[in-house]
Amino acid sequence: MFRFIRNIIITVVLIVSIFAGLFCVGQLVPYQYDKAYTGILRVKYEANKKRTEPGIIFVGGSNLALGLDTEKISKTFKTPAYNFGFHAGLKRDFYLNAIKANILEGDVIVLIFEYSAYIEDLMTEHVTWNSIDNDMDLIKCVPASNVFNLYRYYPIYLFKKISDTMFNPHPIPDNGGYNVDCFNEYGDDVYERYENIRTPEEVKNSAYTVISTDIMSDEGLEALKEFREYCESIGAKVYASCPSIDRLGVKELQDNGVSFKKRYEEKTGIKMISEPSDYILDTEYFYDTDYHLNLTGVELRTNLLIEDLKTVL
Amino acid sequence: MLFNSLSYAIFLPIVFFLFWLSPKKIKWMVLLAASYYYYMSWGIKYCVWIILTTVVSYLCARMIEKRDDEKSKKLFMVLPIVFIIGTLVFFKYFNFLSETVTSVLRAFSLPASDFTLKLIMPLGISFYSFQSVGYIVDVYNGKTPAQKHFGKFALFISFFPHVLSGPIARANDLMPQLEFEKKFDFEQASYGVRQLVWGFYKKVVVSGLCAYVVNGVYDSLEGQKGFVLICATVFYAFQIYCDFSGYSDIAIGSAKILGIDLMTNFKTPYMSQSIKEFWGRWHISLSTWFRDYIYIPLGGNRKGNVKYIFNIIITFLVSGLWHGAAWTFIVWGLLHGVLQVIETYVYKIGFLKRFAPKKGEKKILCPSGLIKLFLTFALVCFTWIFFRANTFSDAIYIVTKMFSGIASPLSYFKLGIANLFHLNNVTKLRLFISLPVLVVTDMIFVKVDLYERIGKMRAVPRWLVYIAVLLLLLILAPSDSNSNFIYFQF
């Protein structure tokens, strides 16, 4: 039996060593995606870390990155504001860990996650590595539940990274608003976009968003509650708002979002300053997904959010 | 606690150590406790039926053995079978029967109101019910002695690797092993680990990846037509094979680590050259159960052609019904029965006689072998349409639309493939690496027991194989695939 157990242990050690070795090799290969959209995460992370004055921080996925005029909000409330929105694929717990790097007394954190973030917390591997690789601070933000899946994917990512290093270093994608240069100093993507590039049929055919109490897991709500307690222990306030979403992309809306909001507030202790139904907008305000707004949509959504923020600030 | 979950990865090693470190006398207790813990992890409420089935089967088998007169023996055989099958029918088919009766009455304009119950089917009931029935019949026929030790009998029914989805064990095969005479066998345990890992590869990698393609088509059929439907069905053939044979490999491998040999359940079924051979290689523990407890008692092929056809059709109809209370499953079973009958008689026609499958060594890589293999696979895939379709009308839709547009073959194939793969590049890459690996491995398995062969290799190549398979498993497995096993629903 000793030989059997020894062999099992050797196998496990060998496999772990291979993945660890590949990861170390990967850290020696320079980061390649600093010009791409994914490169903005480290810019935003560093910007947040450097903050010395308290302000309003918006945290969430790309519904924020391509959906907010943070400068207008900053000027309205005469306080610093920053858009920490990036990509829904990194999911809720990663953002909660990342923003914890610098929370100041007096900060107002506004959580605005896509509805998918309430269902599960599985990070999209390729986007995640594209954004966090070669940055140990960001790598440390990966929640424990995602470590196994992320590292399983590393060899595939590394292969792509090495081939990019050799044949297409530091790619600058020309894909309509998805690179670092499109962002302003407030963290907003200001790429000029004025219309929905999807047809209503395309949106309808891929409608998947359900807004109901069923989409909220107890673990997810518990994580948000812990985050609120952490922030309050520092002296920061936490609120939640709703992502703007294309009306045609909503598959189901349970009693106008009232139950969703009620359960969220009850379980997390975080006040939701907005009504989900107010942020379900017409398709003309969107750009290329259910959550990405065009600049007309950004203006409308920002105004809605300002009104909501006025109730608490 | 799914086999492919972290909790099972913790559970199995704990059971392994407790089992091998405990003295022989209490080994059954360790496994029984582990088995009930495993079963209860799905919900304590499910335990009622498994305990009841165990108690009834145990007592009646003992009574069969104690009684001398044939009448009493028969009574103690029939009573528990009626109870066990009655329970199974109630949980599995009550609503189906009720709905069918209602719709028939309505078809004749007779008054009928909907009457269905909210039933929660106990997990694994189809499997442990059949195992109990097989045991009672075997005791009645004198093929196996009644187990006197209640704890060991309870373990026979509830042994955790097979309780939810088989393999359906036979008493004369498993019961003697529950005396735990064997000491730890390195070769057996290593063989078990190899089988377990390969089972994971099949389930987590191949089945998980195929599910993306299949669900994308079968769950949104509107507007789908042509080659895409055929491709999705072929992928489903691989999905269900890998899902269920993967499950079986994990179950058998887990048992082997504990020194127990469970029945082989799959033997590369898609390498079959006839439908009959397919059923000798697919879900063997169930098909042999049907053979031994339904087909042969009905008379098998010994009572003339008409009776033979009747027996085959009945056996496959029951097999279809066993898989689920829906018309799609019934048609699936019926199709297999009809195909097997046709096949039997086709090979009796003059010049076709020489193409009849022969027992003994298989020749795959010859023109006639390949044609038979392809034909069998195509027919099996056709039947899978009914097995997978969400409704009977969906299945009919697929059958009627799958050749739509074939008049212009180039665009038929091109469009079909284009419509099929709305997947990201990484998933496509994973799919096109993992499937060929599976097919090649299965082709090798036809000739040799690869688990054994790898065990006999020299250290360096053996370890290279271990590492390569584990890396493939870890790198190719999708992270967000559906982790449930298809056969859990049956």
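For residue A:34, the amide hydrogen comes within under 5 Å of no other amide hydrogen, counting only partners 5 or more places away or on other chains and with H modelled in the peptide plane.
Derived scalar couplings between HN and Hα for segment B:317-326 equal 5, 4, 4, x, 5, 4, 6, x, 8, 7 Hz in order, rounded to whole Hz, by the Karplus curve 6.51 cos²θ - 1.76 cosθ + 1.60 (θ = phi - 60°), x for Gly and Pro. In order along segment B:24-32, the Karplus-derived 3J(HN,Hα) couplings, from 6.51 cos²θ - 1.76 cosθ + 1.60 at θ = phi - 60°, round to 3, 4, 10, 4, 4, 5, 4, 5, 5 Hz, and Gly and Pro are given as x. Classified by the C-alpha gyration tensor, segment A:97-139 has an oblate form. Its axis ratio a/c, with a ≥ b ≥ c, is 1.5 or above, and a/b does not exceed b/c.
Over the protein assembly as shown, the alpha carbon radius of gyration divided by the compact-protein estimate 2.2 N^0.38 Å works out to 1.09.
Once backbone amide H atoms are built at 1.01 Å from N, residue A:85 has A:60, A:65 as its partners under 5 Å, excluding neighbours fewer than 5 places away on the same chain. Close amide-amide hydrogen proximity is noted between residue A:110 and A:57, A:58, A:59, A:239, each under 5 Å apart and 5 or more residues distant or on a separate chain (H modeled in the peptide plane; Pro and chain starts excluded). Computed with the Debye formula from one identical point scatterer per Cα of segment B:6-181, without solvent, the log10 of I(q)/I(0) at q = 0.08, 0.11, 0.13, 0.17 Å⁻¹ comes to -0.32, -0.56, -0.72, -1.05.
Ratio of Rg to Rh for chain B: 0.97 [Cα atoms; Kirkwood radius as inverse mean 1/r over pairs].
Between helix A:258-268 and chain A, what is the angle of the helix's C-alpha long axis to the longest principal axis, kept within 0 to 90° and rounded to the nearest 10? Roughly 50 degrees, rounded to the nearest 10. In order along segment B:251-264, the Karplus-derived 3J(HN,Hα) couplings, from 6.51 cos²θ - 1.76 cosθ + 1.60 at θ = phi - 60°, round to 5, 5, x, 4, 5, 4, 4, 8, x, 10, 9, 9, 5, 5 Hz, and Gly and Pro are given as x.
Taking other C-beta atoms within 10 Å as the exposure proxy, B:160, B:392, B:290 rank B:392, B:290, B:160 from fewest upward.
In the protein assembly as shown, helices alone account for a calculated mean residue ellipticity at 222 nm of -18500 deg cm²/dmol, with every DSSP H run of four or more residues adding -39,500 (n - 2.57). Taking the 0 to 90 degree range and rounding to the nearest ten, how far is the long axis of helix A:218-234 tilted relative to the main principal axis of chain A, both from C-alpha atoms? The helix A:218-234 is inclined about 80 degrees to chain A.
Comparing A:290, A:218, A:189 in a Gaussian network model of chain A where C-alpha atoms under 10 Å apart are linked, the largest mean-square fluctuation is found at A:218. Sorted largest first, the spans of the alpha carbon positions of segment B:1-98 along the three principal axes are 48, 42, 18 Å. Here the contact order of chain B, divided by its residue count and restricted to Cα pairs under 8 Å and six or more residues apart, works out to 18 percent. For chain A, the longest principal axis of the Cα atoms and the long axis of helix A:295-310 meet at an angle of about 80 degrees.
Taking only Cα atoms and a 10 Å spring cutoff, compute GNM fluctuations for chain A and point out the largest among A:55, A:21, A:85. Taking springs between Cα atoms under 10 Å, the residue moving most is A:21. Counting neighbouring Cβ atoms within 10 Å and putting the fewest first, the residues B:323, B:336, B:162, B:149 line up as B:149, B:323, B:336, B:162. Size descriptors for segment B:233-283: radius of gyration and Dmax over Cα atoms are 12.3, 38 Å.
D by Stokes-Einstein for segment A:61-170, Kirkwood Rh over Cα pairs, 10 °C, 1.306 mPa s: 101 µm²/s. Computed over neighbours whose Cβ is under 13 Å from that of residue B:25, the net charge equals +1, Lys and Arg +1, Asp and Glu -1. Once you reduce segment B:194-223 and segment A:70-102 to the center of their Cα atoms, the two points are 38 Å from each other. Among B:138, B:114, the ranking by other beta carbons within 10 Å of each residue's beta carbon, starting with the fewest, stands as B:114, B:138. Annotation: the antiparallel percentage among DSSP beta bridges lying fully within the protein assembly as shown is about 10.
Bear in mind these aren't lab numbers, they're just calculated from the coordinates by the rules spelled out. Note that this is a predicted model, so its numbers are computed, not measured. Reconstructed Cβ throughout: ideal geometry from the backbone, glycine too, with neighbour counts over all protein chains shown.
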